[in-house]
């Protein structure tokens, strides 16, 4: 097993840990609804069992950054533009900042500078991920063996944009939690697939 495969394992573990975190949160809090409440509320200031959820969220975020550090070299032997991997790396770094320093305010509200920064950084991070998906499409669409993933990357970017718009429409509704989970799951599956392909193509 080489370095890129080890980093890819980090990339596969990250979305699994994150998903386990929010699923577990719904079971452990009787006042919490996967349909109504957003995921960030589990990690808000003063939230019940916040330390437990942080113990999932922070490692998940760090593992994703670790994976991104080797993403450029792990894709097609480092051939092609570095734009996509850089966008993913910046997005991952912002995710770590959010996880450690910028939780939502108490009750999942956006009131203070910290809460506002949470929202701003999450939005920027999401935009960077979509940009990274599109950049990988252009990098890999003409590469033998990578073109199916390139197409998947472009489709994932389009689906992400659609889900972001839908989530904004339902932002104040009782279904925002469900919509967010569908949107986030699209990202999580993409991260896992990307890491899996990097692992398989670096034997």
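Each value in this text was obtained by applying a stated rule to the coordinates, not by laboratory testing. Remember, predicted model here, so these are calculated numbers, not experimental data. Positions of Cβ are backbone-derived with ideal geometry, glycine not excepted, and every protein chain shown enters the neighbour counts.
With the gyration tensor restricted to C-alpha atoms of region 129-203, the semi-axes of the equivalent ellipsoid amount to 28, 13, 7 Å, longest first. Shown here is the pair-distance distribution of region 93-175: with all Cα-Cα distances grouped in 5 Å bins from zero up to the longest one, the shares run 3, 14, 16, 17, 17, 13, 9, 6, 3, 1, 0 percent.
Sorting 193, 98, 20 by the number of Cβ atoms found within 10 Å of their own Cβ, with the fewest placed first, yields 20, 193, 98.
Computed over the chain, the per-residue total of -39500 (n - 2.57) for DSSP H runs of n ≥ 4 gives a 222 nm mean residue ellipticity of -24500 deg cm²/dmol, rounded to 500. Computing FRET efficiency as 1/(1 + (r/R0)^6) for residue 114 and residue 82, where r is the C-beta to C-beta distance and R0 is 41 Å, gives about 0.80. Of the residues 30, 156, 61, the one that moves most in a GNM of the chain with alpha-carbon contacts below 10 Å is 30. Highest mobility in the GNM of the chain, judged by mean-square fluctuation with C-alpha springs under 10 Å and restricted to 186, 76, 174, is found for 174.
Once the mean of 1/r is taken over each pair of separate Cα atoms and inverted, region 1-75 shows a Kirkwood hydrodynamic radius of 13.4 Å. Each pair of Cα atoms in region 3-200 enters the Kirkwood radius, and Stokes-Einstein at 37 °C and 0.692 mPa s then converts it into a translational diffusion coefficient of 192 µm²/s.
Can you compute the FRET efficiency between residue 27 and residue 51 using 1/(1 + (r/R0)^6), with r the Cβ-Cβ distance and R0 = 22 Å? Round to the nearest 0.05. With a Förster radius of 22 Å, E is 0.85.
As a size descriptor, the averaged projected area of the C-alpha convex hull of region 44-140 was calculated at 6.1 nm². Springs between alpha-carbon atoms under 10 Å, Gaussian network over the chain: tell me which of 163, 111, 178 tops the mean-square fluctuations. Result: 111 has the largest fluctuation of those listed.
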